[in-house]
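Heads up, the thing below is written out as structure tokens.
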Amino acid sequence: MRTVSFSDARVQKKLNDKFVCCYTNTKGDPSAGASFSHSPDDEPGPCGRGAGRQNVQVICITPEGEIFHVATGFLDPKALLEELEFACQVFDSMQQNPKNCKQIVADAHEKRLRQLGFKRNEIAAADNQMTDLLLSGCNPQDIGINMPKPQDFGMKLQGPGASFFQDVTRQRILKDNKFAMNNPLMHKKEFEKNPQSLVGHHKSFFGSNSAFNGVSEMMNSQMNVSRSTRRR
Amino acid sequence: MIVSSTWIRNALSLSVCVLAALSCDALFAGDRADATTRTWTDITGKFQIDASFEGYKIGLVSLRKTDDDLISVPMNRLSSSDQRYVRYELRRKQVATTKDDSEAESEVKPEPSRNDDAEPIANTKRMAGIDWRCTVKSVQTAANNDDGTQRPVMWFRVLGDMEGFM
């Protein structure tokens, strides 16, 4: 996120001008995943949207500490900008109609999911262990295999297992938006008591190329993934 | 002539009240908003009053009651939804003012933006071109603008420190 997304000039301008930014190191938190340490000058490795959702979360809150939007895992600059723009729109709507903030947050996320192509029964369905299991699995995007963007959900992927891989990204987006929809304006203190309600109870892992000490290079070469698709 | 200290204290507090009322009237006289009467609630939820929003200055919200009395209430004593309403009204007025100004001026000024050479902000770490607030107080101070408007907070939860996160 640092070397790819936060280093993007458009992201920097958006965050500095429209948001107040702060961070929390989740090391030691039961909800945190696992990661090898890596240095700031590491070359960014291949990483797909939503990868390492237990390691990074972008959470948009009001100055009073109420959560109104979340996006977990890695987001490339374009995806991060989309999330921030959506958050700005929701926050503006809340300020315009302060009596109905919870409803505004819930409605905005439901509407967004519908626009992204999710069906009503998917949005209304309760979370289940299968979803968590799906999200905890290794995602080919994490090792550089091109995946569809959210707006491309309708496209047909090629190759064996394509629909499964497509569904991983899809489920990540669904789960994040449903969290904000089902818990509108949850206070951050309440959230911190049980962050697993957002990121799940499994343990995900993330490590950069140098942290892997070449292991990921070996994995990628074995999978015959071209270098051009792996580098961003 | 001997005057008791109690009398002096009473006289002084009365003067302060009168001065406060006068200064409130003067403070908000030029800042009248559209008179829409609504029910205002305090932070405890116990006290309510029907009044219209008149203005805001230095942490005080001015409200005009239905009997035309003008009162001022500290912003932080209002319920969170009332505080949001105040911010919305101020934001709306600010947008209207900006629009008027921009129509008056043909020259469009570029939006100021910080760069890496800018002076560091107090209690802030600049990393990857972004100002990261380091304390809860600095977050709240930055998120609540002087004019009563607000900015949302991007809270980044990350496994690792500032120099090593993903």
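The values are calculated or read from the model by the stated rules, or taken from the named source; none is laboratory data. All values reported here derive from a predicted model rather than from experimental measurement. Cβ sites come from the backbone with ideal geometry, for glycine too, and all protein chains shown count toward neighbours.
Of the residues making up the stretch B:122-149, those that are surrounded by 15 or more Cβ atoms within 10 Å (Cβ to Cβ) and of a type in the set (V, I, T) are B:T124, B:I130, B:V139, B:T141, B:T149.
Considering (1) more than 14 Å from every other protein chain (Cβ to nearest Cβ); (2) modelled with pLDDT of 55 or more; (3) in a loop (DSSP other than H, G, I, E, B), the lone condition that B:A122 does not fulfil carries the number (1).
Residues that are more than 7 Å from chain B (Cβ to nearest Cβ) and at pLDDT below 85 within the stretch A:46-73 comprise A:P46, A:C47, A:G48, A:R49, A:G50, A:A51, A:R53, A:Q54, listed in sequence order. The lone criterion from (1) surrounded by 13 or more Cβ atoms within 10 Å (Cβ to Cβ); (2) modelled with pLDDT under 55 left unmet by A:Q222 is number (1).
Among the criteria (1) part of a helix (DSSP H, G or I); (2) within 11 Å of another protein chain (Cβ to nearest Cβ); (3) modelled with pLDDT under 80, the one B:K99 does not fulfil is (2). Among the residues of this structure, A:D107 counts as one that is in a helix (DSSP H, G or I), modelled with pLDDT of 85 or more and acidic (D, E).
Selection within the stretch A:1-32: residues that are facing another protein chain (nearest Cβ under 7 Å) and more than 27 Å from A:S197 (Cβ to Cβ). The member of this set that is surrounded by the most Cβ atoms within 10 Å (Cβ to Cβ) is A:Q12.
For the stretch A:82-91, the criterion of a residue being surrounded by fewer than 21 Cβ atoms within 10 Å (Cβ to Cβ) and at pLDDT below 90 is satisfied by no position. Restricting A:M94, A:M147 to those that are surrounded by 14 or more Cβ atoms within 10 Å (Cβ to Cβ) and at pLDDT 90 or above reduces the list to A:M94. Each residue in the stretch B:61-85 was checked for being over 17 Å from A:S93 (Cβ atoms) and in a helix (DSSP H, G or I), and 4 pass. Evaluate the following for A:I104: is it more than 8 Å from chain B (Cβ to nearest Cβ) and not acidic (D, E)? Answer is yes for this residue.
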